[in-house]
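S.K.: Sending over a structure as structure tokens; questions will come in a sec.
The values are calculated or read from the model by the stated rules, or taken from the named source; none is laboratory data. The shown structure was predicted, so the numbers you read here are calculated from the model rather than taken from an experiment. Positions of Cβ are backbone-derived with ideal geometry, glycine not excepted, and every protein chain shown enters the neighbour counts. Remember, those area values only see protein heavy atoms, side chains included, never the ligands or the DNA or RNA. Shrake-Rupley method; radii C 1.70, N 1.55, O 1.52, S 1.80 Å.
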Amino acid sequence: MPRAGTYHRVLLKISGEALAGAGGYGIDQQVLVGFAAQLRDVHAAGCELALVIGGGNIFRGTAGGALGIDRATGDYMGMLATVINALALQDALEKCGAETRLLSAIEIKQVAEPHIRRRAVRHLEKGRIVIFAAGTGNPFFTTDTGAALRAMEIGAEVLLKGTRVDGVYDSDPEKFPEAQLFDRVTYREFLHQNLGVMDATAISLCQDNKLPIVVFNMSTPGNVLKVVCGEAIGTLVSA
């Protein structure tokens, strides 16, 4: 049975690591093209689609400390990595025939529009896929938190979190084969059990604003469209 029927406006968070594929670093062209095809189909079905993409396949701000880089500087470097990924995804989507707009929280006029909430909403209303880059534009905040923030700004009905596993488990399924998959979990349970698929700030923000989250495996072709159509795959995080 569908969980909530078809969603009409969604925000999808894609991890940077997902773009790396089996290589673990950089951008896997086959993965990129596959994601673009999935997103094109979702958009063609009439869904207003916004995207936030991470940068962990290129540089993660928290990793900067091992190199002696100041945390804030490292986070800005990570934000720039998300812009690289966003440009790659924009190019792949447009080659599929989708119309897109890239908005960055860090002003880079040559490659992206500045993030303005009303402009983003207008692009969605005009049938464009909106890609948000550079997180929140502030250090010490993850792209998960940026995704929650952007979802609420545009009035999304749900925040989708695309991962490499089938949803939220009670332990890491890549390390523990006996890990149990949750069909549903509350915000409080997620935070209390420290389930770790998303950071606590993002979950708390969604809890405060009653924004449901669906965590699902984006590596399976067609899953994004299934989630948007309300099929009960992955894990629903809600009140």
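S.K.: Please verify whether the range 68-75 includes one or more residues that are assigned to a helix (DSSP H, G or I), open to solvent by 40 Å² or more (accessible area, probe 1.4 Å) and of a type outside the set (Gly, Ala, Ser).
M.R.: Among the residues of the range 68-75, at least one is assigned to a helix (DSSP H, G or I), open to solvent by 40 Å² or more (accessible area, probe 1.4 Å) and of a type outside the set (Gly, Ala, Ser), which makes the answer yes.
S.K.: What number goes with the only condition from (1) over 24 Å from Gly78 (Cα atoms); (2) of a type outside the set (S, T, N, Q); (3) touching a residue at least 40 places away in the same chain (Cβ under 8 Å); (4) in contact with a helix residue (DSSP H, G or I) (Cβ under 7 Å, 6 or more places away or on another chain) that Cys206 does not pass?
M.R.: (1)
S.K.: Among (1) surrounded by fewer than 19 Cβ atoms within 10 Å (Cβ to Cβ); (2) touching a residue at least 40 places away in the same chain (Cβ under 8 Å), where does Gly61 come up short?
M.R.: Gly61 satisfies all of (1) surrounded by fewer than 19 Cβ atoms within 10 Å (Cβ to Cβ); (2) touching a residue at least 40 places away in the same chain (Cβ under 8 Å) except (1).
S.K.: Another one. Among the numbered conditions (1) modelled with pLDDT of 95 or more; (2) open to solvent by 10 Å² or more (accessible area, probe 1.4 Å); (3) over 18 Å from Phe216 (Cα atoms), tell me where Arg9 comes up short.
M.R.: Result: Arg9 passes all but (3).
S.K.: Here's a follow-up. Tell me, which residue of the range 76-106 that is of a type in the set (Gly, Ala, Ser) and more than 17 Å from Leu11 (Cα to Cα) is surrounded by the fewest Cβ atoms within 10 Å (Cβ to Cβ)?
M.R.: Per the stated criteria, the residue is Gly97.
S.K.: Limited to the range 58-75, what total is found for residues that are under 19 Å from the mean Cα position of the chain (by Cα) and farther than 18 Å from Leu102 by Cβ?
M.R.: So the count comes out to 5.
S.K.: Let me ask something else. Show me the helices (runs of 4 or more DSSP H) found entirely inside the range 133-239 where at least 2 residues are crowded, with 18+ Cβ neighbours inside 10 Å and touching a Leu at 6+ places or on another chain (Cβ under 6 Å).
M.R.: 143-153
Table: residues versus (1) without any contact (Cβ under 8 Å) to a residue 40 or more places away in the chain; (2) closer than 28 Å to Glu231 by Cβ; (3) under 17 Å from the mean Cα position of the chain (by Cα).
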{"site": "Gly78", "(1), (2), (3)": "no, no, yes"}
{"site": "Val83", "(1), (2), (3)": "no, no, yes"}
{"site": "Leu102", "(1), (2), (3)": "yes, no, yes"}
{"site": "Ala105", "(1), (2), (3)": "no, no, yes"}
{"site": "Lys109", "(1), (2), (3)": "yes, no, no"}
{"site": "Arg118", "(1), (2), (3)": "yes, no, no"}
{"site": "Phe132", "(1), (2), (3)": "no, yes, yes"}
{"site": "Gly135", "(1), (2), (3)": "no, no, yes"}
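S.K.: Scan the range 122-132 residue by residue and report those that are part of a helix (DSSP H, G or I) and not charged (D, E, K, R).
M.R.: His123, Leu124
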